[in-house]
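Please read the structure below before turning to the comments.
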Amino acid sequence: MHKLRVVIKNIDGIIYDDLADIVIMETVDGEIGIMANHIPMMAELKKNSSVKIKNDGQEFDFEINNAVAKICDNKLDILDFSEKK
């Protein structure tokens, strides 16, 4: 199975950088699932939502407060503009 590279960053640095089978996230237009070889796109994520990353039977949840996502070339970049404390 092909994998998707996922990088989640905030203003303090990189929070997550690894491969994933699927990423589920809430955009302002609704929930979407991203897998390997997804078409290129950008999306604004819903404020105070979560990003779920599933990889090899493991699941990771990340709280997202004010972010955008970019999917291109089998890579998902999520940039959260909020400061983590």
Which fully enclosed strands (runs of 3 or more DSSP E) of the chain have 3 or more residues being of a type in the set (D, E, K, R)? 58-64, 75-80
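Just to check your reading of the model, which residue among 71, 78 is closer than 17 Å to residue 11 by Cα, touching a strand residue (DSSP E or B) at 6+ places or on another chain (Cβ under 8 Å) and surrounded by 14 or more Cβ atoms within 10 Å (Cβ to Cβ)?
Numbers: 71 fails: closer than 17 Å to residue 11 by Cα.
Step by step, each of 71, 78 is checked, and only 78 is closer than 17 Å to residue 11 by Cα, touching a strand residue (DSSP E or B) at 6+ places or on another chain (Cβ under 8 Å) and surrounded by 14 or more Cβ atoms within 10 Å (Cβ to Cβ).
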Looking at 39, 8, 64, 34, can you tell me which residue is surrounded by fewer than 16 Cβ atoms within 10 Å (Cβ to Cβ) and of a type in the set (A, V, I, L, M)? 39
Between 53, 39, 32, 24, which is of a type in the set (Val, Ile, Thr), within 19 Å of residue 5 (Cβ to Cβ), in contact with a Phe, Trp or Tyr (Cβ under 9 Å, 6 or more places away or on another chain) and at pLDDT 95 or above? 53
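The values are calculated or read from the model by the stated rules, or taken from the named source; none is laboratory data. Everything quoted here is computed from the prediction, not taken from an experiment. FYI the Cβ positions are ideal-geometry reconstructions off the backbone, even for glycines, and counts take in every protein chain you see.
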